[in-house]
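Presented below is the structure to which this report refers.
A short reminder: the numbers here are calculations on the coordinates, not readings from a lab. From a predicted model like this one, the values you see are computed outputs, not experimental measurements. Cβ placement follows ideal geometry from the backbone for every residue including glycine, while neighbour counts extend to all protein chains displayed.
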Amino acid sequence: MSLKRLNSGQTYIIFVVTLRYCLILLNAFRMSKTVPKRRFFLLFSLLLLSWVSASAQSNRNFTVFLDPGHGGKDPGNMHNGYVEKKITLAIALKVGDLLSKQPGIKVHYSRTDDRSVDLYARGPLANKINADVFVSIHCDAHESAAYGAGTFVLGLHRADKNSAVAQRENAVIYNEENYQSKYAKFNSDIIGIGAIQEENLDQSIRLASYVQREMVATAKRRDRKVKQAGFVVLYETIMPSVLVETGFLSNANEGAFLNSSKGQDLVASAMVNAILTYRDEVALNTLGANTPISQTVFSVQLFASEKTIPVSDPRFRGLNPIWYEEKDGLKRYFYGEASSQESGAMLRKKAIEKGFSDAFIVKKTR
Ligand SMILES: [Zn+2]
């Protein structure tokens, strides 16, 4: 039995048994009179404890973040009387229900009812809870009789951003307040993919290929393949992320399928199978599942000083959080931590507003 596959009940039993052994060993340690014996018992207890803690760590939950596309004032596409935001929510809730029954899986959503959530805010919600995968669920539309399912990962270039499907799914940002500043970076020629997304691209493609395979095998959709495109919603995430176009509402047959409870059940089963395969074959078999993944973060350097300055000092002008790094006797003071360069730029703007006119962004790996 692999340690990685233990469920919470098994871990609990092992924990109790080990604790008992430790108590027995500790007692033996107290009773033993010779130094070598004492050393042996102490070493053995320590080894046992570290094994238990390692097994508990490897048994951490696998967290799935589900993002039902659109919602609230943004209905998504509407054809033949079918409304995208309703279908994506129904599918996401079914996926979540099925996954929640699996031991060791936690599910979070960007929305669980009919509400508006800005595109740029969805990724950070998943980042905040340290999700292992991000799955955005959508339905497509076209003026032709096109049908079938396709799965997308983040594309890096202008051409990807301008793909018809990405344009449709991104269109909602123009209805959001202050969209020009919120999406400034995205509107530039090159999307400027971060190091984290680049690192995740391989894993995103693996997850996308499992989803695509299942959408064909289980949900019986026509295969529209795995593709890259510039979706705003995938831009801010720091974990493997995919966007699934489950089918075309503009196609009368496929629209009826996606709008039916039976169709949604099949699509949900396909996604669940794919996510479980990904967890078992990729996430648990990479070192990353048991050791902290190195993350690139963006922070703002305010100034350097030889003195140690408490973070609550008025010299930081109320900025929070503040941290420092020491090198060659000089302490460099930083403000904040962001997952993208764009969010880092917002932190810098705030620092400048507070009077740190020389503040600049630094990229860190931790
Ligand atoms: Zn959509």
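Where does the Debye-calculated log10 I(q)/I(0) of the range 296-365 sit at q = 0.12, 0.14, 0.16 Å⁻¹, using only Cα point scatterers of equal weight, no solvent? So the normalised log intensities work out to -0.27, -0.37, -0.49. I'd like the FRET efficiency for R115 and D328, computed as 1/(1 + (r/R0)^6) with the beta carbon distance as r and R0 of 41 Å, rounded to 0.05. According to the calculation, E is roughly 0.20.
Size of the range 240-361 from its Cα atoms: along the principal axes, largest to smallest, the extents are 68, 36, 20 Å. Shown here for the range 211-252: trypsin sites (Lys or Arg not before Pro) in loop regions (DSSP other than H, G, I, E, B) with at most 15 other Cβ atoms within 10 Å, namely K220, R222.
Modelled spin labels at N80 and A146, positioned 7 Å past Cα toward Cβ, are 1.6 nm from each other. In this structure, the amide hydrogen of S136, modeled 1.01 Å from its nitrogen in the peptide plane, lies closer than 5 angstrom to those of D67, V242, L243, V244, counting only residues at least 5 positions away or on a different chain. Couplings for the range 246-259, taken from phi via the Karplus curve 6.51 cos²θ - 1.76 cosθ + 1.60 with θ = phi - 60°, read 6, x, 9, 6, 6, 8, 4, 5, 5, x, 5, 4, 5, 7 Hz in order; Gly and Pro are left as x. Each of A217 and V362 was given a label point 7 Å from its Cα along the Cα-to-Cβ line. The distance between the two points is 4.9 nm.
Separation between the L47 and K101 pseudo-spin-labels, each 7 Å from Cα along Cα→Cβ, expressed in nm? Placing both labels 7 Å beyond Cα along the Cβ direction yields 4.3 nm. Along the Cα-to-C-beta direction of D280, a point sits 7 Å from the Cα; which residues of the range 85-108 have their amide N less than 20 Å from that point? Residues 95-107 fall inside that zone.
By the beta-carbon count within 10 Å of each Cβ, the least crowded to most crowded order of T277, T151, fewest first, is T277, T151.
Between K354 and I205, the FRET efficiency from the beta-carbon distance, with R0 = 35 Å, is close to 0.25.
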